[in-house]
Amino acid sequence: MLKIAFAEPKLPTAGTYAVAVSADRTLSPEGLELDKKLGGALRRAMNASRFTGKRDEVLAVLSPHDLSVQRVLLYGVGKAEELSDLRLQGVGAAILAHLNQAGESEATVSVGRLGGATGTAAQRAVELAYGALLRSYRFDKYRTREKPEKKPSLKKLTVAVTGASAAQRSFMTREKIADGVFMTRDLVSEPPNVLHPPGMAEHARTLAKLGVDVEVLGLKDLKKLGMGALIGVAQGSAHEPHVVVMRWSGDPKGRDRKPVAFCGKGVTFDTGGISLKPAAGMEDMKWDMAGSGAVVGLMKTLAGRRARVNAVGIVGMVENMPSATAQRPSDIVKSMSGQTIEVLNTDAEGRLVLADVLWYCQDRFKPRFMVDLATLTGAIVVALGSEHAGLFSNNDELAEKLLAAGKSTGELLWRMPLSEAYDQEIDSDVADVKNISGGRGGGGIIGAQFLQRFVNNAPWAHLDIAGMAWSKKDQGTVPKGATAFGVRLLDRLVADNYESS
Ligand code: BES
Ligand code: MN
Ligand code: ZN
């Protein structure tokens, strides 16, 4: 685990000393001082290379003469006046990635008089450190024979800045966000033989020690509630389905106010069921529980930072398997809402799970709003790729707040339409609604329209995160693998709009 600390500016005596360079090889004041001390070695090194101080570029100067540090790392920040919070996080991530590759074990990053950007130096230091922390995540619990030289090397990162104790204090909140993000990344990375519905219930129970009230509903409870749609998906699996309800009551003053609510699709493995998926790429369906993973991580963050909000998180956990007991295309199930559903494709299972979870959520908690997260459709990936999650909502105000939180955190959303005309496409000939449309178009929208039939007009937003939950490459603060998309976004939604002061 990487340790991050803040300290007042001082030339370190070991490890790496990192100083900022802005566009066109402009050394920061600290860099200039150091360069003078080194007889112009830094400037010569820059001139001898292609390094110009672009954002996320780095240049290492090894064993500088007359200094006890092992290396000076010049890190590019681009144009200082364009250095937003998100970009600072990216810079922190780039430095961290470089140091881990270089085999360094300790480093001091000078943020001192970086200049240009808004906010105080201490605030900028927090952003940079947060980016480094987010990038430091690695899922390696199943690597038992890894060579030490392949492991990340950095143990300690010190951020040197005036006002270090203020930075340290404000960083505590960021660490809580990272705790939630890391929990989500862990859950989503776990293989499906470990992270099955009861496995997820066990992980969710660990939130109790943070003061979260955790209830685990099993098959018997779900039957009593009438969750026939969710149960139908799970009936081909050897694992019992679970619905986990997590409650964080951080706003006692708002005791009488309705809670905010987050619901997650938790298909721990999606084979497609009898409408079986092809073999190629099926392994990706271990992360078909990313929505539920994000909800659990979000609850961990809210409780960890003791957010002044009353929040409910509900996840519907099932495994979608083909077997002698699996549901068939053309089965008709009865949802908790009372509506009957014709299941024409057993691979459109996420919507069946959420139909019951969303109904249950609004019925029991009468929330101020519900946001669901789901790896719901391949169609949303076709439409938006891996740059935006699809946002669907029956409430413009909620949608605007979500879009804004997306921009602030870099977890971007793109709003998609809902309408009567799309809704008609899921009218069934034999039941109240069918789980797929007859046509091939607008698959992401059809999925959302289906969900909307189960929200009972409560303010609601659906995030289709199928293109966002897993990354095939390292991307700034998000190392490749599980992204935990949604945790930072929804934490920000709450922090900016729904916490009492
Ligand atoms: N879990 C999938 C959606 C998915 C696809 C997530 C790719 C992540 C990456 C979902 O359950 C599914 O199978 N959806 C079908 C719906 C179709 C049968 C209407 C799809 O998108 O093909
Ligand atoms: Mn499916
Ligand atoms: Zn699925």
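Suppose the filter is within 16 Å of ligand 2 (Cβ to nearest atom), in contact (Cβ under 8 Å) with a residue 12 or more places away in the chain and acidic (Asp, Glu); does Asp347 pass it? For Asp347, the condition - within 16 Å of ligand 2 (Cβ to nearest atom), in contact (Cβ under 8 Å) with a residue 12 or more places away in the chain and acidic (Asp, Glu) - is met. Would you pick out the residues in the range 281-311 that are within 16 Å of ligand 2 (Cβ to nearest atom), at negative phi and either in contact with a Pro (Cβ under 6 Å, 6 or more places away or on another chain) or in a loop (DSSP other than H, G, I, E, B) (or both)? Correct list: Lys286, Asp288, Met289. Would you please name the residue that is farthest from ligand 1 (Cβ to nearest atom), looking only at residues in the range 250-280 that are touching a Gly at 6+ places or on another chain (Cβ under 8 Å) and closer than 25 Å to Thr206 by Cα? Checking each candidate, the answer is Ala261. Set side by side, the residues Gly273, Gly264 differ, and just one is within 14 Å of ligand 3 (Cβ to nearest atom), in a loop (DSSP other than H, G, I, E, B), open to solvent by less than 40 Å² (accessible area, probe 1.4 Å) and assigned by TED's automatic domain parsing to the domain that holds Asp372, which is Gly273. Meeting the requirement of 3 or more residues that are open to solvent by less than 30 Å² (accessible area, probe 1.4 Å) and touching a residue at least 24 places away in the same chain (Cβ under 8 Å), the helices (runs of 4 or more DSSP H) wholly within the range 364-466 are 396-409, 443-452. Count of the range 281-337 residues, restricted to those that are more than 21 Å from Met200 (Cβ to Cβ) and among the charged types (D, E, K, R), is 6. Of everything listed in (1) among the hydrophobic types (A, V, I, L, M, F, W, C); (2) over 15 Å from Val315 (Cβ atoms); (3) away from ligand 1 (no atom under 16 Å from the Cβ); (4) not in a helix (DSSP H, G or I), the single unmet condition for Val181 is (4).
Take Glu202 and decide whether it is closer than 30 Å to Ala466 by Cβ, acidic (Asp, Glu) and in the same structural domain as Val267 (by TED's automatic domain parsing). In short, yes. Beta carbons closer than 8 Å, at least 6 apart along the sequence or on distinct chains, pair a first residue in the range 221-233 that is assigned to a helix (DSSP H, G or I) with a second that is among the polar types (S, T, N, Q) for Gly228/Ser335; Ala229/Ser335; Gly232/Gln327; Val233/Asn320; Val233/Gln327; Val233/Thr346.
Residues checked against (1) under 19 Å from Pro152 (Cα atoms); (2) at pLDDT 95 or above; (3) in a helix (DSSP H, G or I):
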{"position": "Tyr75", "(1), (2), (3)": "no, yes, no"}
{"position": "Leu86", "(1), (2), (3)": "no, yes, yes"}
{"position": "Leu96", "(1), (2), (3)": "yes, yes, yes"}
{"position": "Val109", "(1), (2), (3)": "yes, yes, no"}
{"position": "Gly112", "(1), (2), (3)": "no, no, no"}
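So for the range 135-154 (the condition being buried (at least 24 other Cβ atoms within 10 Å of the Cβ) and either touching a Lys or Arg at 6+ places or on another chain (Cβ under 7 Å) or outside the structural domain of Tyr17 (by TED's automatic domain parsing) (or both)), does at least one residue qualify? No, the range 135-154 contains no residue that is buried (at least 24 other Cβ atoms within 10 Å of the Cβ) and either touching a Lys or Arg at 6+ places or on another chain (Cβ under 7 Å) or outside the structural domain of Tyr17 (by TED's automatic domain parsing) (or both).
The values are calculated or read from the model by the stated rules, or taken from the named source; none is laboratory data. Being a predicted model, the structure only gives us computed values, none of them experimental. Positions of Cβ are backbone-derived with ideal geometry, glycine not excepted, and every protein chain shown enters the neighbour counts. Ligands, DNA and RNA are excluded from the accessible area calculation, which covers all protein heavy atoms including side chains. Shrake-Rupley method; radii C 1.70, N 1.55, O 1.52, S 1.80 Å.
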